[in-house]
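Here is the structure we will look at.
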Amino acid sequence: MKVAVVGLGIAGLSICARLALAGHDVTGFDQFEPMHERGSSHGDTRIMRLTPGEGGTYVALARRAAGLWRTWEGLAGRPLIEWTGGLMAGPRGSPFVTASQRLSGEPAALLRGDAIHPLTRGYVAMPYEWDVFRQQDSGVIAADATRSFLLRQAVRWGAKLAHNARVADGIEGPALRINGETRSYDAVVIAAGAWARRLLPEFAGKLAVKRRVVGWFTTPTPRLLPIICVDNEDGVYGMPAPGGRYKIGLHAVGGAVSDPDIVRPPDDADAARLTAHARMLLPKHESTPEHMARCLYTVTPDENFLIVPSSVHPRVLLFSACSGHGFKYAPAFGELAEEWLNERPSAELEAFMSQRASDVNRLGGLKN
Ligand SMILES: Cc1cc2nc3c(=O)[nH]c(=O)nc-3n(C[C@H](O)[C@H](O)[C@H](O)COP(=O)(O)OP(=O)(O)OC[C@H]3O[C@@H](n4cnc5c(N)ncnc54)[C@H](O)[C@@H]3O)c2cc1C
């Protein structure tokens, strides 16, 4: 089949690679240059969790992705995930923490927050009144290294990738307008992140774009610290980053962006907010960020993925791996797109396409 993929972030790259491997005639388009930093997929690291506390569908997808991550690592000739273990934390009774524990099937008891300080030799601290689940099957993805690998691998498998090629807004069928020229396809996948709402305006009401800022803090130890996901008001998360740093972000903090092409750079208010969390969680680290970066979330009302064919044309698929937690599932995205193309959806794809949160079995606030 002749397939176009719009958007070469982590989702579009995975889809191009998989569909090309399956023998389709695939062309991927991106409006910017390779490895650009204006969407959602850039940066050194992302959190990996094999048992995401978000619910059963995400656990099934993460476990599918795990085997494929190993295949990617073999092809890349380097590890793409470092298994550091993780601390899932939140105020006592947090549904996210209890779901993480239950879905893991681990009998390990929840810890009180103050147990974390001695466990990490004082590098991480949490309040006594928090519940903490030590989730071993968690780690850090080398995000930019993965994008860079996929840019090469998709081409090796036969995909054509066109950069600096902007697809015109308002797609009406399996055809794309690029530089005034119309190209037709058997199927089109829209993996355009924060810009998807312009390409498929029928979904605009379901996709909100949010500005997010992450900060890197200098780590005073060569020890690899665990990842952290906190189910509190700001949704703090953290992970080790290359160069002796620890990166912190806030899942729940950041305003809506009306135009993804105009996004305010990180400022003093962002630094102050990140610093407050770093002071509490990372007592031995530098408490001001060494540097910061901004990134875009594309968020659905219930924070679940939206992977659904367009009502305008059934051969156009919106693939929105959104809401700030999609990277870990990346290798499975290509498989989901292939299932749609072959009209043989797995239980996971059925759940996302139904657009019902109950089908996705979402249990708690989504984290990274
Ligand atoms: C700060 C931050 C932290 C995160 N942390 C985690 C984490 O720890 N763990 C985790 O699993 N996930 C995490 N995520 C989420 C994950 O990174 C995203 O789910 C994922 O990157 C989304 O990828 P995407 O390909 O859908 O979007 P994008 O990367 O934004 O890609 C969309 C692409 O489409 C292109 N495009 C758009 N419109 C057009 C057009 N008209 N023509 C041509 N090209 C177009 C854009 O240029 C862009 O390259 C985080 C996200 C952010 C922002």
Next item on the list: Report, by residue number, each residue of the stretch 342-356 that is open to solvent by 40 Å² or more (accessible area, probe 1.4 Å) and either part of a helix (DSSP H, G or I) or at pLDDT below 85 (or both).
Entry: Ala347, Glu350, Met353, Gln355, Arg356
Check: Where residues in the stretch 179-230 are touching a His at 6+ places or on another chain (Cβ under 7 Å) and assigned to a loop (DSSP other than H, G, I, E, B), which of them is surrounded by the fewest Cβ atoms within 10 Å (Cβ to Cβ)?
Finding: Pro220
Checklist line | Residue, surrounded by the most Cβ atoms within 10 Å (Cβ to Cβ), within the stretch 299-337, restricted to residues that are in a loop (DSSP other than H, G, I, E, B) and out of contact with any strand residue (DSSP E or B) (no Cβ under 9 Å at 6 or more places or on another chain) | finding: Val312
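If I ask for residues that are touching a helix residue (DSSP H, G or I) at 6+ places or on another chain (Cβ under 8 Å) and either at pLDDT 95 or above or not aliphatic (A, V, I, L, M) (or both), which ones from the stretch 251-281 would you list? Can you show your working first?
From the stretch 251-281, those touching a helix residue (DSSP H, G or I) at 6+ places or on another chain (Cβ under 8 Å) are 253, 257, 260; that's our starting set.
Pro260, the sole residue that qualifies.
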Notebook entry, point to check: Could you say which residue among Ala293, Ala321 is assigned by TED's automatic domain parsing to the domain that holds Asn232 and of a type in the set (Gly, Ala, Ser)?
Noted result: Ala293
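The rows are residues; the columns are (1) in contact (Cβ under 8 Å) with a residue 60 or more places away in the chain; (2) out of contact with any strand residue (DSSP E or B) (no Cβ under 7 Å at 6 or more places or on another chain); (3) over 22 Å from Leu336 (Cβ atoms).
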site: Trp157; (1), (2), (3): yes, yes, no
site: Ala162; (1), (2), (3): yes, no, yes
site: Gly170; (1), (2), (3): no, yes, yes
site: Pro174; (1), (2), (3): yes, no, no
site: Glu181; (1), (2), (3): no, yes, yes
site: Ala194; (1), (2), (3): yes, no, no
site: Arg198; (1), (2), (3): no, yes, yes
site: Phe203; (1), (2), (3): yes, no, no
site: Asn232; (1), (2), (3): yes, no, yes
Next item on the list: Determine if the stretch 36-55 includes at least one residue that is more than 9 Å from the ligand (Cβ to nearest atom) and assigned to a helix (DSSP H, G or I).
Entry: no
Check: If we keep just the residues of the stretch 63-86 that are in contact with a Leu (Cβ under 7 Å, 6 or more places away or on another chain) and more than 15 Å from Ser138 (Cα to Cα), which is most open to solvent (accessible area, probe 1.4 Å)?
Finding: Glu73
Next item on the list: Would you be able to say whether some residue in the stretch 150-158 is under 25 Å from Thr51 (Cα atoms), in the same structural domain as Pro309 (by TED's automatic domain parsing) and either open to solvent by less than 60 Å² (accessible area, probe 1.4 Å) or assigned to a helix (DSSP H, G or I) (or both)?
Entry: yes
Notebook entry, point to check: Restricting to the stretch 1-52, what's the tally of residues that are polar (S, T, N, Q) and either open to solvent by 30 Å² or more (accessible area, probe 1.4 Å) or assigned by TED's automatic domain parsing to the domain that holds Asp261 (or both)?
Noted result: 2
Next item on the list: Would you confirm whether any residue within the stretch 261-271 is crowded, with 20+ Cβ neighbours inside 10 Å and acidic (Asp, Glu)?
Entry: yes
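Would you say Val253 is under 30 Å from Ala4 (Cα atoms) and either more than 10 Å from the ligand (Cβ to nearest atom) or open to solvent by less than 20 Å² (accessible area, probe 1.4 Å) (or both)? Lay out the reasoning, then the answer.
Values: under 30 Å from Ala4 (Cα atoms): no; either more than 10 Å from the ligand (Cβ to nearest atom) or open to solvent by less than 20 Å² (accessible area, probe 1.4 Å) (or both): yes.
It is false that Val253 is under 30 Å from Ala4 (Cα atoms) and either more than 10 Å from the ligand (Cβ to nearest atom) or open to solvent by less than 20 Å² (accessible area, probe 1.4 Å) (or both).
The values are calculated or read from the model by the stated rules, or taken from the named source; none is laboratory data. Note that this is a predicted model, so its numbers are computed, not measured. Virtual Cβ from ideal backbone geometry, glycine too; neighbours counted across all protein chains shown. Each accessible area value is taken on the protein alone, full model and side chains, heavy atoms only, with ligands, DNA and RNA left out. Shrake-Rupley method; radii C 1.70, N 1.55, O 1.52, S 1.80 Å.
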